[in-house]
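I have placed the structure first, in the form of C-alpha coordinates, so that the comments after it can refer back to it.
The values are calculated or read from the model by the stated rules, or taken from the named source; none is laboratory data. Computed from a predicted model, the values in this text were never measured in an experiment. Cβ placement follows ideal geometry from the backbone for every residue including glycine, while neighbour counts extend to all protein chains displayed. SASA here: full protein model, heavy atoms, side chains in, ligands and nucleic acids out. Shrake-Rupley method; radii C 1.70, N 1.55, O 1.52, S 1.80 Å.
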Amino acid sequence: MFKGHGGNIRHLPSDIKTGRKKDDILDFSASINPLGYPENVRRVIQEKLDDILHYPDIDCSHLRQHIAQEIGRSCDEIIIGNGSTELFYLIPRALRPEKGVVFNPTFSEFAEALKCSHAEVIHNVLKEENQFRFVYSKEYFSDGKSGIAFLCNPNNPTGQLVERHSILDMARQHPGITFVIDEAFMDFVEYPGKYSVIKDAGIVCNVIVVRSLTKFYGFPGLRVGYMVTSKDLAGKIMQYKEPWSVNALAQSAAVAALKDKVFISQSREFMLKERAYLFNELSHIRGLFPYLPAANYILAKIAVTGMTSSFLYERLLTSGIAIRDCSNFIGLNDTYFRVAVRTREENRKLIDQLSNVMNQFPGGENCQIRNGLLQSRKERKGFRFKD
(Lines give C-alpha, C1' and ligand atoms only; values in the text may rest on other atoms or scores of the structure.)
Protein backbone atom coordinates (compact mmCIF):
# COMPACT_ATOMS: atom_id res chain seq x y z
CA MET A 1 0.00 0.00 0.00
CA PHE A 2 1.29 3.46 -0.90
CA LYS A 3 1.83 5.47 2.28
CA GLY A 4 3.74 8.53 1.09
CA HIS A 5 1.81 11.71 0.45
CA GLY A 6 -1.91 12.06 0.01
CA GLY A 7 -3.42 12.56 -3.40
CA ASN A 8 -1.26 10.09 -5.28
CA ILE A 9 -4.14 8.36 -6.98
CA ARG A 10 -1.80 6.45 -9.29
CA HIS A 11 -0.41 4.49 -6.34
CA LEU A 12 -3.75 3.20 -5.17
CA PRO A 13 -4.17 -0.58 -5.25
CA SER A 14 -5.11 -2.19 -8.55
CA ASP A 15 -8.64 -2.43 -9.91
CA ILE A 16 -8.58 -6.16 -9.23
CA LYS A 17 -7.90 -5.62 -5.52
CA THR A 18 -10.38 -2.80 -4.92
CA GLY A 19 -12.97 -3.75 -7.49
CA ARG A 20 -13.04 -0.14 -8.67
CA LYS A 21 -11.34 2.00 -11.28
CA LYS A 22 -9.07 4.69 -9.92
CA ASP A 23 -11.10 7.40 -11.65
CA ASP A 24 -14.18 6.27 -9.70
CA ILE A 25 -12.55 6.73 -6.27
CA LEU A 26 -13.41 9.79 -4.15
CA ASP A 27 -10.04 11.11 -3.05
CA PHE A 28 -10.23 12.47 0.51
CA SER A 29 -6.47 12.00 0.92
CA ALA A 30 -5.50 15.20 -0.95
CA SER A 31 -6.36 18.55 0.64
CA ILE A 32 -7.28 20.55 -2.46
CA ASN A 33 -10.09 23.07 -2.92
CA PRO A 34 -13.12 20.89 -3.82
CA LEU A 35 -14.50 23.69 -6.00
CA GLY A 36 -11.63 23.10 -8.39
CA TYR A 37 -9.84 25.95 -10.15
CA PRO A 38 -11.28 29.32 -11.21
CA GLU A 39 -12.91 29.33 -14.64
CA ASN A 40 -10.60 32.11 -15.79
CA VAL A 41 -7.65 29.73 -15.29
CA ARG A 42 -9.06 27.46 -18.00
CA ARG A 43 -9.58 30.47 -20.25
CA VAL A 44 -6.10 31.90 -19.80
CA ILE A 45 -4.42 28.53 -20.42
CA GLN A 46 -6.35 28.19 -23.66
CA GLU A 47 -5.39 31.73 -24.66
CA LYS A 48 -1.73 31.29 -23.70
CA LEU A 49 -1.24 27.78 -25.04
CA ASP A 50 1.16 28.94 -27.75
CA ASP A 51 3.45 30.32 -25.04
CA ILE A 52 4.85 26.80 -24.76
CA LEU A 53 6.65 27.50 -28.05
CA HIS A 54 9.04 29.72 -26.10
CA TYR A 55 11.01 29.59 -22.87
CA PRO A 56 9.03 30.87 -19.88
CA ASP A 57 9.94 34.15 -18.19
CA ILE A 58 12.99 33.14 -16.17
CA ASP A 59 12.22 35.78 -13.52
CA CYS A 60 8.43 35.18 -13.33
CA SER A 61 8.21 38.96 -13.52
CA HIS A 62 4.46 39.39 -14.02
CA LEU A 63 3.56 36.95 -11.24
CA ARG A 64 6.07 38.45 -8.81
CA GLN A 65 4.75 41.93 -9.52
CA HIS A 66 1.18 40.84 -8.88
CA ILE A 67 2.04 39.10 -5.60
CA ALA A 68 4.13 42.07 -4.47
CA GLN A 69 1.20 44.40 -5.08
CA GLU A 70 -1.20 42.05 -3.26
CA ILE A 71 0.89 41.84 -0.07
CA GLY A 72 2.50 45.27 -0.17
CA ARG A 73 6.10 44.13 -0.68
CA SER A 74 8.88 44.54 -3.23
CA CYS A 75 9.42 42.14 -6.14
CA ASP A 76 12.99 41.68 -4.90
CA GLU A 77 11.59 40.04 -1.76
CA ILE A 78 9.67 37.34 -3.66
CA ILE A 79 10.85 34.09 -5.26
CA ILE A 80 8.53 31.91 -7.36
CA GLY A 81 8.97 28.13 -7.25
CA ASN A 82 7.73 24.98 -8.94
CA GLY A 83 5.34 24.40 -6.07
CA SER A 84 6.22 25.25 -2.48
CA THR A 85 8.20 22.01 -2.16
CA GLU A 86 10.90 23.24 -4.54
CA LEU A 87 11.40 26.21 -2.22
CA PHE A 88 11.65 24.02 0.89
CA TYR A 89 14.58 22.20 -0.75
CA LEU A 90 16.10 25.40 -2.13
CA ILE A 91 16.34 27.24 1.21
CA PRO A 92 18.64 24.83 3.09
CA ARG A 93 20.65 24.24 -0.09
CA ALA A 94 21.40 27.96 -0.16
CA LEU A 95 21.83 28.61 3.57
CA ARG A 96 23.75 25.39 4.39
CA PRO A 97 22.76 24.98 8.05
CA GLU A 98 24.61 22.50 10.24
CA LYS A 99 21.34 21.51 11.87
CA GLY A 100 17.67 22.11 11.22
CA VAL A 101 14.67 21.90 13.55
CA VAL A 102 11.34 20.30 12.62
CA PHE A 103 8.20 20.10 14.77
CA ASN A 104 6.37 16.81 14.31
CA PRO A 105 3.91 15.59 13.23
CA THR A 106 4.21 17.73 10.11
CA PHE A 107 4.95 17.79 6.38
CA SER A 108 7.66 15.19 5.78
CA GLU A 109 9.47 17.18 3.09
CA PHE A 110 10.92 19.58 5.68
CA ALA A 111 13.15 16.84 7.06
CA GLU A 112 13.90 15.46 3.60
CA ALA A 113 14.98 18.89 2.38
CA LEU A 114 17.39 19.25 5.31
CA LYS A 115 18.83 15.79 4.72
CA CYS A 116 19.42 16.55 1.05
CA SER A 117 21.55 19.53 2.13
CA HIS A 118 23.48 17.32 4.58
CA ALA A 119 22.01 19.04 7.63
CA GLU A 120 21.30 17.11 10.80
CA VAL A 121 17.57 17.02 11.52
CA ILE A 122 16.39 17.69 15.06
CA HIS A 123 12.91 16.22 15.48
CA ASN A 124 10.79 17.80 18.21
CA VAL A 125 7.61 15.78 18.72
CA LEU A 126 4.65 17.81 19.93
CA LYS A 127 2.54 16.29 22.68
CA GLU A 128 -0.61 14.35 21.95
CA GLU A 129 -2.12 15.36 25.29
CA ASN A 130 -1.85 18.99 24.10
CA GLN A 131 -3.52 18.02 20.82
CA PHE A 132 -0.19 18.62 19.05
CA ARG A 133 -0.31 22.37 19.58
CA PHE A 134 3.00 24.18 19.12
CA VAL A 135 4.09 26.07 22.23
CA TYR A 136 7.43 27.87 22.13
CA SER A 137 10.24 26.61 24.33
CA LYS A 138 13.83 27.85 24.27
CA GLU A 139 14.86 24.20 24.73
CA TYR A 140 14.00 23.61 21.07
CA PHE A 141 17.07 25.63 20.10
CA SER A 142 19.35 25.06 23.08
CA ASP A 143 22.20 23.38 21.18
CA GLY A 144 23.19 26.67 19.53
CA LYS A 145 23.93 25.00 16.19
CA SER A 146 20.53 25.05 14.54
CA GLY A 147 20.48 27.32 11.50
CA ILE A 148 16.93 26.69 10.24
CA ALA A 149 13.58 25.86 11.82
CA PHE A 150 10.55 24.76 9.79
CA LEU A 151 7.08 25.49 11.14
CA CYS A 152 3.85 24.68 9.30
CA ASN A 153 0.97 27.09 10.02
CA PRO A 154 -1.74 25.81 9.94
CA ASN A 155 0.04 22.55 10.52
CA ASN A 156 -0.42 19.59 8.21
CA PRO A 157 -1.88 17.12 9.21
CA THR A 158 -3.06 18.33 12.63
CA GLY A 159 -4.67 21.61 11.56
CA GLN A 160 -3.29 23.47 14.57
CA LEU A 161 -2.50 27.19 14.32
CA VAL A 162 0.21 29.37 15.87
CA GLU A 163 -0.59 33.03 16.42
CA ARG A 164 1.40 35.67 14.56
CA HIS A 165 2.82 37.33 17.66
CA SER A 166 4.16 33.99 18.95
CA ILE A 167 6.07 33.35 15.73
CA LEU A 168 7.53 36.85 15.62
CA ASP A 169 8.53 36.76 19.30
CA MET A 170 10.31 33.45 18.73
CA ALA A 171 12.13 34.74 15.66
CA ARG A 172 13.32 37.85 17.47
CA GLN A 173 14.63 35.78 20.38
CA HIS A 174 16.72 33.67 17.99
CA PRO A 175 18.16 36.04 15.34
CA GLY A 176 20.74 33.44 14.28
CA ILE A 177 18.06 30.99 13.14
CA THR A 178 16.11 31.34 9.90
CA PHE A 179 12.46 30.48 10.51
CA VAL A 180 10.72 29.00 7.47
CA ILE A 181 6.97 29.30 7.93
CA ASP A 182 4.87 27.10 5.65
CA GLU A 183 1.57 28.89 5.06
CA ALA A 184 0.37 26.60 2.26
CA PHE A 185 -3.13 26.36 3.76
CA MET A 186 -3.42 29.88 5.22
CA ASP A 187 -5.92 30.93 2.53
CA PHE A 188 -8.43 28.52 4.10
CA VAL A 189 -8.08 30.04 7.61
CA GLU A 190 -11.00 32.12 8.86
CA TYR A 191 -8.95 34.97 10.37
CA PRO A 192 -5.59 34.80 8.57
CA GLY A 193 -4.38 38.16 9.87
CA LYS A 194 -4.24 36.72 13.38
CA TYR A 195 -1.83 33.98 12.31
CA SER A 196 -0.02 34.86 9.09
CA VAL A 197 3.42 36.49 9.13
CA ILE A 198 3.59 37.07 5.38
CA LYS A 199 3.66 40.84 5.79
CA ASP A 200 6.36 40.55 8.46
CA ALA A 201 8.71 38.31 6.49
CA GLY A 202 11.79 40.31 5.61
CA ILE A 203 10.97 43.09 8.06
CA VAL A 204 11.86 40.53 10.68
CA CYS A 205 14.90 39.58 8.65
CA ASN A 206 15.21 35.92 9.74
CA VAL A 207 11.66 34.96 8.72
CA ILE A 208 10.75 33.33 5.41
CA VAL A 209 7.14 32.63 4.46
CA VAL A 210 6.38 29.99 1.83
CA ARG A 211 2.96 29.71 0.23
CA SER A 212 1.37 27.36 -2.26
CA LEU A 213 -0.89 28.59 -5.04
CA THR A 214 -2.16 25.11 -5.89
CA LYS A 215 -4.10 24.06 -2.78
CA PHE A 216 -6.57 26.92 -2.54
CA TYR A 217 -6.77 27.57 -6.28
CA GLY A 218 -7.23 23.91 -7.14
CA PHE A 219 -4.50 23.13 -9.70
CA PRO A 220 -1.82 20.99 -7.98
CA GLY A 221 -0.80 19.55 -11.34
CA LEU A 222 0.60 22.92 -12.45
CA ARG A 223 3.02 23.29 -9.50
CA VAL A 224 3.49 26.90 -8.44
CA GLY A 225 4.30 28.51 -5.10
CA TYR A 226 6.24 31.46 -3.74
CA MET A 227 8.33 32.67 -0.83
CA VAL A 228 8.65 36.08 0.80
CA THR A 229 11.68 37.25 2.77
CA SER A 230 14.17 40.11 2.96
CA LYS A 231 15.80 41.41 -0.22
CA ASP A 232 19.25 40.33 0.98
CA LEU A 233 18.15 36.81 1.91
CA ALA A 234 16.13 36.41 -1.29
CA GLY A 235 19.16 37.46 -3.33
CA LYS A 236 21.34 34.89 -1.58
CA ILE A 237 18.82 32.10 -2.09
CA MET A 238 18.29 32.97 -5.76
CA GLN A 239 21.95 32.18 -6.46
CA TYR A 240 21.11 28.50 -5.88
CA LYS A 241 17.83 28.34 -7.76
CA GLU A 242 17.55 26.44 -11.05
CA PRO A 243 16.48 28.61 -14.01
CA TRP A 244 13.11 28.17 -15.77
CA SER A 245 11.66 25.93 -13.07
CA VAL A 246 8.17 27.49 -13.37
CA ASN A 247 6.55 26.93 -16.75
CA ALA A 248 4.75 29.58 -18.76
CA LEU A 249 1.24 28.19 -18.29
CA ALA A 250 1.68 27.91 -14.52
CA GLN A 251 2.76 31.56 -14.33
CA SER A 252 -0.24 32.76 -16.33
CA ALA A 253 -2.66 30.53 -14.42
CA ALA A 254 -1.38 31.80 -11.07
CA VAL A 255 -1.91 35.45 -12.02
CA ALA A 256 -5.40 34.71 -13.33
CA ALA A 257 -6.33 32.84 -10.13
CA LEU A 258 -5.07 35.58 -7.83
CA LYS A 259 -7.16 38.14 -9.70
CA ASP A 260 -10.41 36.19 -9.27
CA LYS A 261 -11.79 37.77 -6.10
CA VAL A 262 -15.23 36.20 -6.59
CA PHE A 263 -13.71 32.70 -6.58
CA ILE A 264 -11.66 33.55 -3.48
CA SER A 265 -14.74 34.79 -1.60
CA GLN A 266 -16.90 31.84 -2.67
CA SER A 267 -14.21 29.32 -1.72
CA ARG A 268 -13.78 30.75 1.78
CA GLU A 269 -17.53 30.90 2.40
CA PHE A 270 -17.92 27.34 1.12
CA MET A 271 -15.07 26.00 3.23
CA LEU A 272 -16.29 27.57 6.48
CA LYS A 273 -19.66 25.89 6.06
CA GLU A 274 -18.49 22.49 4.81
CA ARG A 275 -15.72 21.91 7.32
CA ALA A 276 -18.16 22.78 10.11
CA TYR A 277 -20.57 20.21 8.71
CA LEU A 278 -17.92 17.52 8.29
CA PHE A 279 -16.43 18.11 11.74
CA ASN A 280 -19.84 17.91 13.37
CA GLU A 281 -20.71 14.69 11.56
CA LEU A 282 -17.36 13.07 12.38
CA SER A 283 -17.91 14.01 16.03
CA HIS A 284 -21.11 11.95 16.06
CA ILE A 285 -19.46 8.74 14.85
CA ARG A 286 -18.70 6.44 17.74
CA GLY A 287 -15.06 5.56 18.14
CA LEU A 288 -13.72 8.67 16.36
CA PHE A 289 -12.18 11.83 17.77
CA PRO A 290 -11.77 14.56 15.13
CA TYR A 291 -9.38 17.42 15.89
CA LEU A 292 -10.73 20.94 15.56
CA PRO A 293 -9.92 21.99 11.98
CA ALA A 294 -8.58 25.33 10.77
CA ALA A 295 -8.00 24.59 7.09
CA ASN A 296 -9.54 22.23 4.52
CA TYR A 297 -8.69 18.93 6.19
CA ILE A 298 -9.45 17.17 9.47
CA LEU A 299 -7.22 14.87 11.49
CA ALA A 300 -9.08 12.14 13.36
CA LYS A 301 -8.07 9.57 15.96
CA ILE A 302 -9.53 6.07 16.09
CA ALA A 303 -10.64 5.20 19.62
CA VAL A 304 -11.69 1.59 19.07
CA THR A 305 -9.27 -1.00 20.43
CA GLY A 306 -7.88 -3.17 17.64
CA MET A 307 -8.82 -0.95 14.73
CA THR A 308 -5.98 0.69 12.79
CA SER A 309 -5.79 3.43 10.21
CA SER A 310 -4.49 0.91 7.67
CA PHE A 311 -7.55 -1.28 8.22
CA LEU A 312 -9.85 1.70 7.86
CA TYR A 313 -8.02 2.82 4.72
CA GLU A 314 -8.45 -0.58 3.09
CA ARG A 315 -12.11 -0.92 4.05
CA LEU A 316 -13.03 2.52 2.75
CA LEU A 317 -11.10 1.98 -0.45
CA THR A 318 -13.30 -1.00 -1.32
CA SER A 319 -16.23 1.42 -1.00
CA GLY A 320 -14.60 3.88 -3.39
CA ILE A 321 -13.16 6.32 -0.85
CA ALA A 322 -9.47 7.12 -0.27
CA ILE A 323 -8.37 8.67 3.03
CA ARG A 324 -4.90 9.62 4.25
CA ASP A 325 -3.44 6.96 6.55
CA CYS A 326 -1.31 9.04 8.93
CA SER A 327 0.63 6.21 10.53
CA ASN A 328 3.84 7.25 8.73
CA PHE A 329 3.92 10.73 10.26
CA ILE A 330 6.56 11.09 12.96
CA GLY A 331 4.65 11.63 16.21
CA LEU A 332 1.51 9.82 15.08
CA ASN A 333 0.70 6.12 14.98
CA ASP A 334 -1.69 3.68 13.35
CA THR A 335 -4.74 5.18 15.04
CA TYR A 336 -4.68 8.44 13.04
CA PHE A 337 -6.05 9.38 9.64
CA ARG A 338 -6.79 12.60 7.78
CA VAL A 339 -9.65 13.52 5.46
CA ALA A 340 -10.06 16.50 3.17
CA VAL A 341 -13.18 18.64 3.19
CA ARG A 342 -15.02 18.08 -0.07
CA THR A 343 -18.53 18.89 -1.36
CA ARG A 344 -21.62 18.22 0.75
CA GLU A 345 -22.65 15.20 -1.33
CA GLU A 346 -19.16 13.73 -1.17
CA ASN A 347 -18.83 14.46 2.54
CA ARG A 348 -22.10 12.63 3.18
CA LYS A 349 -20.78 9.58 1.34
CA LEU A 350 -17.67 9.63 3.52
CA ILE A 351 -19.73 9.92 6.70
CA ASP A 352 -22.03 7.07 5.67
CA GLN A 353 -19.16 4.72 4.86
CA LEU A 354 -17.18 5.67 7.96
CA SER A 355 -20.24 5.08 10.13
CA ASN A 356 -20.80 1.67 8.57
CA VAL A 357 -17.22 0.55 9.18
CA MET A 358 -17.09 1.85 12.73
CA ASN A 359 -20.48 0.38 13.66
CA GLN A 360 -19.61 -3.03 12.26
CA PHE A 361 -16.26 -3.27 14.02
CA PRO A 362 -16.45 -5.14 17.37
CA GLY A 363 -15.67 -3.17 20.50
CA GLY A 364 -16.85 0.19 19.27
CA GLU A 365 -19.19 0.56 22.21
CA ASN A 366 -16.15 0.71 24.51
CA CYS A 367 -14.45 3.59 22.71
CA GLN A 368 -11.93 5.08 25.07
CA ILE A 369 -9.50 7.63 23.72
CA ARG A 370 -5.91 6.67 24.44
CA ASN A 371 -3.78 8.92 26.65
CA GLY A 372 -6.86 10.52 28.15
CA LEU A 373 -7.70 12.95 25.34
CA LEU A 374 -11.49 12.86 25.49
CA GLN A 375 -13.50 10.04 27.02
CA SER A 376 -17.00 10.45 25.72
CA ARG A 377 -19.14 12.00 23.04
CA LYS A 378 -20.57 14.35 25.62
CA GLU A 379 -17.14 15.85 26.29
CA ARG A 380 -16.64 16.41 22.57
CA LYS A 381 -19.58 18.80 22.31
CA GLY A 382 -17.42 21.77 23.21
CA PHE A 383 -15.39 21.20 20.07
CA ARG A 384 -18.24 21.40 17.59
CA PHE A 385 -18.86 24.15 15.11
CA LYS A 386 -22.32 25.41 14.36
CA ASP A 387 -23.31 24.58 10.80
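Before moving on, here are some points about what is shown:
- Only one of the numbered conditions (1) more than 28 Å from Ala234 (Cβ to Cβ); (2) without any contact (Cβ under 8 Å) to a residue 24 or more places away in the chain; (3) open to solvent by less than 30 Å² (accessible area, probe 1.4 Å) is violated by Ala68, and that is (1).
- First in the range 228-247 and of a type in the set (Asp, Glu), second anywhere and in a helix (DSSP H, G or I) and buried (at least 19 other Cβ atoms within 10 Å of the Cβ), Cβ under 9 Å, 6 or more apart: Glu242/Glu86; Glu242/Leu90
- Applying a threshold of 6 Å to beta carbon distances and a minimum spacing of six or more residues, or different chains, the list of pairs starting in the range 160-185 at a residue that is under 17 Å from Phe132 (Cβ atoms) and of a type in the set (Asp, Glu) and ending at one that is at pLDDT below 95 and surrounded by fewer than 22 Cβ atoms within 10 Å (Cβ to Cβ) is empty.
- Test result for Leu233, farther than 19 Å from Cys75 by Cβ and not in a loop (DSSP other than H, G, I, E, B): no
- The residues in the range 254-266 that are crowded, with 17+ Cβ neighbours inside 10 Å and farther than 9 Å from Pro38 by Cβ can be counted, and the count is 3.
- The numbered conditions (1) at pLDDT 95 or above; (2) surrounded by fewer than 16 Cβ atoms within 10 Å (Cβ to Cβ); (3) out of contact with any Ser or Thr (no Cβ under 9 Å at 6 or more places or on another chain) are all true for Leu161 except (2).
- Residue list for the range 83-129, restricted to those being out of contact with any strand residue (DSSP E or B) (no Cβ under 8 Å at 6 or more places or on another chain), closer than 20 Å to Thr158 by Cα and either hydroxyl-bearing (Ser, Thr, Tyr) or in a helix (DSSP H, G or I) (or both): Ser108, Glu109, Glu112, Glu128, Glu129
- Restricting the range 238-251 to residues that are in contact with a strand residue (DSSP E or B) (Cβ under 8 Å, 6 or more places away or on another chain) and under 18 Å from Ala68 (Cα atoms), the residue that is surrounded by the most Cβ atoms within 10 Å (Cβ to Cβ): Val246
- Here Ser252 passes the criteria (1) assigned to a helix (DSSP H, G or I); (2) out of contact with any helix residue (DSSP H, G or I) (no Cβ under 9 Å at 6 or more places or on another chain) except the one numbered (2).
- Flag for Thr85 being of a type in the set (Ser, Thr, Tyr) and open to solvent by 30 Å² or more (accessible area, probe 1.4 Å): yes
- Scan of the range 136-186 for residues that are assigned to a strand (DSSP E or B) and of a type in the set (Val, Ile, Thr), ordered by number: Ile148, Thr178, Val180, Ile181
- Search result, residues across the range 290-312 that are part of a helix (DSSP H, G or I) and open to solvent by less than 10 Å² (accessible area, probe 1.4 Å): Ser309, Leu312
- Members of the range 37-61 that are surrounded by 12 or more Cβ atoms within 10 Å (Cβ to Cβ) and part of a loop (DSSP other than H, G, I, E, B): Tyr37, Pro38, Lys48, Pro56, Asp57, Asp59, Cys60
- The range 126-142 - residue that is touching a residue at least 24 places away in the same chain (Cβ under 8 Å) and open to solvent by 60 Å² or more (accessible area, probe 1.4 Å) and, of those, farthest from the chain's Cα centre (by Cα): Lys138
- Hey, Ser327 over 26 Å from Phe103 (Cβ atoms), in contact with a strand residue (DSSP E or B) (Cβ under 8 Å, 6 or more places away or on another chain), modelled with pLDDT of 95 or more and of a type outside the set (Lys, Arg) or not: no
- Screening the candidates Gly83, Gly6 for the property of being among the small types (Gly, Ala, Ser), closer than 30 Å to Asn333 by Cβ and at pLDDT below 95 yields one hit, Gly6.
- Beta carbons closer than 6 Å, at least 6 apart along the sequence or on distinct chains, pair a first residue in the range 350-367 that is within 17 Å of Glu314 (Cα to Cα) and part of a helix (DSSP H, G or I) with a second that is open to solvent by 70 Å² or more (accessible area, probe 1.4 Å) and modelled with pLDDT of 85 or more for Val357/Arg315.
- Which listed residue is under 14 Å from Asn356 (Cα atoms) and assigned to a loop (DSSP other than H, G, I, E, B), from Arg342, Arg315, Arg286: Arg286
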